[in-house]
Amino acid sequence: MQTKKEQKKEQIIQNALSLFAKKGFYNTTIPDIAEALKMSVGNMYNYFKSKDILAKEIIKYISIYLGGKIREVNEQDISTEQKTKKIIELYFKTALSKPEMIDYFLRIYLSNREVFLDGCEGMICVNEFVTEIMIYFEEGVKCGDLRDQDFFSAFGLFMGYLGGMVFLKGENILPKELDEYVDDISYNIYKALSV
Amino acid sequence: MCKKLQILWLSAISCNGNAHSFLNYPQLDVFLDNFEFIYHPIIESDYTLEDVINKDLDCDILLIDGAISPEFKKMDEPIINIVDRYAHKAKKIVTVGTCATFGGIFSQSGYAYTTGLHFNQKNPTFLFKSLKDKTISISGCPIQPEVLASTLYAIKKDIKLKLDNYLRPQEFFAYTVHNGCTRNEYFEYKIDNHVFGKKEGCMFYDHGCQAPFTNASCNKILWNEVNSKTRAGLPCMGCTSPDFPKQNLFKTKKNMGIPQDLPLGVGKRTYLTLAGVTKAFKIKRLEEELF
């Protein structure tokens, strides 16, 4: 059960996310976010002391959200091939239903590393998400479906591919909807990673 | 002086490594004031192996060293008959070493059904089930001399030892080899830049060290009162474990970068979360030579 303060924080995060997506990270100020929520700027600072702190909390929020979704897939008793497809489906589904989340991940978190240097070292702030991807790989190797290799060579292939597709979609370059690519992409990724 | 307890050291399918290891017990002379080997394969004793087999000797404690197989004989007498005869006379039985406890490396010998006295690796065996209540297991390849000696002293003093599921005294086997390892700081910060024989680096991440999931007291009771494998710069090979010996002892088995065997009782998500945090930081002091 969330406390009132946690609920408010989540509201702020969601509003900040949509403002960042609309106006860009650097063009959005704390007063803008406060205004969107009909809050005073002073009250806003009770929840987040600075825009940088808010930025880090947002990436953690997204990581927990996506990590939780992938965990649900990891805990299912299905083949690695099926898991691959389900993870891709949920990633694209999130890109469609919550585009601001994936947008933040790709355009703000990965492109403005200076904001995240202190406090988000390495992959600390995306830990839940990366952990579940690791478990998906590890279990795939353990049951003999996936080829054992360096984690990052597999991670780059998987996330680079998905991120690239969502980016192309965001640029209005893709001729079809994301979900229409799920079968082909699942086939390609599984084929590339399997033994 | 109190009566010396009579011990029969019976070697089954064995390399005699445990008998040799026991010779390194630092207080062996005091030990021999308290115990007497009626037969021992190396230490001088009153009786010969022939006497053990042909006569009906008294013994308080039966030590079984080496794996058991119905096919294996000593001087034409099946080992299981010798074990059976003396086990019923003895007040206590101690399986000495991993072979006598779990089968060990001799499980792969040519003898059929080679196992430990009560276990075939992790699985219980039933041939000597009735003796389970008076058995204590001391696994190790070889045994740590102090662990065997202290167990025998406890028997002498009628101290009831708490045993684990493999009948091993928890006093020595509740710990992991990781407890007391001088490389713990490197483990905490996930640094395995180890070079064999050097003081720096944890060997768990790349070099196959099994200390975090092996139950034994090697870093609590140092070998020869001096050192342990991991302190000296050699990975723990898990020699007290039921599935010893595994293969590729100098390489950590990993699946896509994640160690297959994790520290005892640590869940995969917990491990990965911690690893993710610590790997994000570089601790300069731990990257350098100690001195």
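Of all DSSP beta bridges in the protein assembly as shown, what percent run antiparallel (nearest 5)? Before the final figure, lay out the partial values.
Values: 12 of 30 bridges.
Of all bridge pairs located within the protein assembly as shown, approximately 40 percent are antiparallel.
Take every DSSP beta bridge with both residues inside chain B and express the antiparallel ones as a percent of the total, to the nearest 5. Before the final figure, lay out each step's value.
Values: 11 of 29 bridges.
Beta bridges within chain B, antiparallel portion: roughly 40 percent.
All other residues with a Cβ under 13 Å from the Cβ of B:ILE143 taken together, and with Lys, Arg as +1 and Asp, Glu as -1, what is their net charge? All intermediate terms of the calculation are to be shown ahead of the outcome.
On the way: positive: B:ARG168; negative: B:ASP65, B:GLU146.
It works out to a net charge of -1.
For chain B, set up a GNM with springs between Cα atoms under 10 Å and report which of B:LEU222, B:LEU272, B:LEU152 has the largest fluctuation.
Among B:LEU222, B:LEU272, B:LEU152, the largest GNM mean-square fluctuation belongs to B:LEU272.
What helices does chain A have that are whole DSSP H segments, at least 30 Å long along their own axis by Cα, and with mean Kyte-Doolittle hydropathy of 1.0 or more?
Correct list, ordered by number: empty.
Using a Cα-Cα cut-off of under 12 Å, which aspartates and glutamates could be cross-linked to A:LYS56, ignoring same-chain neighbours fewer than 8 residues away?
The qualifying aspartates and glutamates are A:GLU114, A:ASP118, A:GLU121.
Computed on alpha carbon atoms, what radius of gyration and Dmax characterise the protein assembly as shown, expressed in Å?
When restricted to the Cα atoms of the protein assembly as shown, Rg and Dmax are 30.7, 99 Å.
Apply the a/c threshold of 1.5 to the C-alpha gyration tensor of the range A:148-195 and tell me whether it is rounded, prolate or oblate. Present the calculation step by step, with values, prior to reporting the outcome.
Working: a/c = 4.65, a/b = 1.77, b/c = 2.62.
Oblate is the answer for the range A:148-195, as a/c is 1.5 or above yet b/c matches or exceeds a/b.
Distance between Cα centroids, the range A:71-101 to the range A:102-128: provide it in whole Å.
With the range A:71-101 and the range A:102-128 each reduced to a Cα centre, they are spaced 21 Å.
Scan around B:ILE136 for amide H atoms under 5 Å from its own, H built in the peptide plane at 1.01 Å from N, and keep only partners 5 or more places away or cross-chain.
Here the answer is B:ILE93, B:VAL94, B:THR95, since their amide H atoms fall under 5 Å of that of B:ILE136.
Compute the Rg to Rh ratio over the range A:12-109 from the alpha carbon atoms, using the Kirkwood formula for Rh, and round to two decimal places.
Over the Cα atoms of the range A:12-109, Rg/Rh equals 1.09.
In degrees, nearest 10, range 0 to 90: what is the angle between the Cα axis of helix B:268-279 and the longest Cα principal axis of chain B?
Once rounded, one gets 50 degrees.
For the range B:5-171, what proportion of DSSP beta bridges, expressed in % and rounded to the nearest 5, is antiparallel? Write out the running numbers ahead of the final one.
Values: 7 of 25 bridges.
In the range B:5-171, DSSP labels about 30 percent of beta bridges as antiparallel.
Cysteines without a disulfide-compatible partner in chain A, using Cβ under 4.7 Å as the rule?
Among the cysteines of chain A, those whose Cβ sits 4.7 Å or more from every other are A:CYS143.
Once you have the Kirkwood Rh of chain B from its Cα pairs, apply Stokes-Einstein at 37 °C and 0.692 mPa s and quote D in µm²/s. If you can, show how the numbers build up before the last one.
On the way: Rh = 20.3 Å.
For these conditions, the coefficient is 162 µm²/s.
Quick one: net charge of B:MET237's neighbours, Cβ under 11 Å, K/R +1, D/E -1?
Details: positive: B:LYS229, B:LYS246; negative: none.
Once positives and negatives cancel, what remains is +2.
With the cut-off at 20 Å, report for the range B:175-291 the share of all Cα pairs above it, as a whole percent.
Details: 2664 of 6786 pairs.
Within the range B:175-291, distances greater than 20 Å cover 39 percent of Cα pairs.
Most fluctuating residue of B:LYS253, B:LYS157, B:LYS89 in a GNM of chain B with Cα springs under 10 Å: which is it?
Highest fluctuation among the options: B:LYS157.
Please average, across the residues of A:121-127, the number of beta carbons from any other chain that are within 10 Å of each residue's own beta carbon, and give a whole number. Walk me through the numbers before you get to the answer.
Numbers: counts 5, 7, 4, 7, 2, 1, 8.
The per-residue average across the peptide is 5.
Quick one: Kirkwood hydrodynamic radius for the range B:27-93, alpha-carbon pairs, angstrom, one decimal? Kindly include the intermediate steps, with their values, before the conclusion.
Values: mean 1/r = 0.0773 Å⁻¹.
The Cα-based Kirkwood calculation yields 12.9 Å.
Where the centroid of each part is defined by its Cα atoms, how far is the range A:136-194 from the range B:1-79 in Å?
63
Mind telling me which of B:GLU50, B:GLU185, B:GLU36 comes out most flexible in a GNM of chain B, alpha-carbon contacts under 10 Å?
It is B:GLU50.
May I ask which of A:LYS60/B:LYS253; B:LYS129/B:LYS220; B:LYS220/B:LYS282; B:LYS199/B:LYS229; A:LYS83/B:LYS279; A:LYS51/A:LYS169 have a Cα-Cα span longer than 21 Å here? Walk me through the intermediate numbers first.
Numbers: A:LYS60/B:LYS253 31 Å; B:LYS129/B:LYS220 32 Å; B:LYS220/B:LYS282 30 Å; B:LYS199/B:LYS229 11 Å; A:LYS83/B:LYS279 27 Å; A:LYS51/A:LYS169 28 Å.
Checking Cα-Cα distances, A:LYS60/B:LYS253; B:LYS129/B:LYS220; B:LYS220/B:LYS282; A:LYS83/B:LYS279; A:LYS51/A:LYS169 exceed 21 Å.
Check B:ILE221: other-chain or 5+ apart residues with amide H under 5 Å from its amide H, H built from backbone geometry?
So B:ILE221 has HN proximity to no qualifying residue.
Out of all Cα-Cα pairs in chain A, roughly what percent, to the nearest whole number, are more than 31 Å apart? Could the numbers behind the result be given before it?
Numbers: 4406 of 18915 pairs.
Beyond 31 Å sits 23 percent of the P(r) for chain A.
Local charge sum around A:ILE64 (other residues, Cβ-Cβ under 15 Å, Lys/Arg +1, Asp/Glu -1)? Present the calculation step by step, with values, prior to reporting the outcome.
On the way: positive: A:LYS9, A:LYS56, A:LYS60, A:LYS69, A:ARG71, A:LYS98, B:ARG269; negative: A:GLU6, A:GLU10, A:GLU57, A:GLU72, A:GLU128, A:GLU132.
Within the 15 Å Cβ shell, the charges total +1.
Which lysines does B:LYS132 reach when only Cα atoms under 23 Å apart count, and residues fewer than 8 places away in its own chain are ignored?
Output for B:LYS132: B:LYS73, B:LYS89, B:LYS91, B:LYS92, B:LYS122, B:LYS156, B:LYS157, B:LYS160, B:LYS162.
Using a 10 Å cut-off on Cβ to Cβ distances, tally the other chain neighbours for every residue of A:129-140 and report the average as a whole number.
Numbers: counts 0, 3, 8, 2, 1, 10, 5, 1, 4, 9, 4, 2.
So the per-residue partner count for this stretch is 4.
What translational diffusion coefficient, to the nearest whole µm²/s, does the range A:1-49 have by Stokes-Einstein, given a Kirkwood radius computed over alpha-carbon pairs, a temperature of 37 °C and 0.692 mPa s viscosity?
Values: Rh = 11.0 Å.
Using the Kirkwood radius from Cα pairs, D works out to 300 µm²/s.
Coordinate-derived values only; no laboratory data. No experiment lies behind these values; they were computed from the predicted model shown. Backbone-built Cβ (ideal geometry, glycine too); neighbour counts: all protein chains shown.
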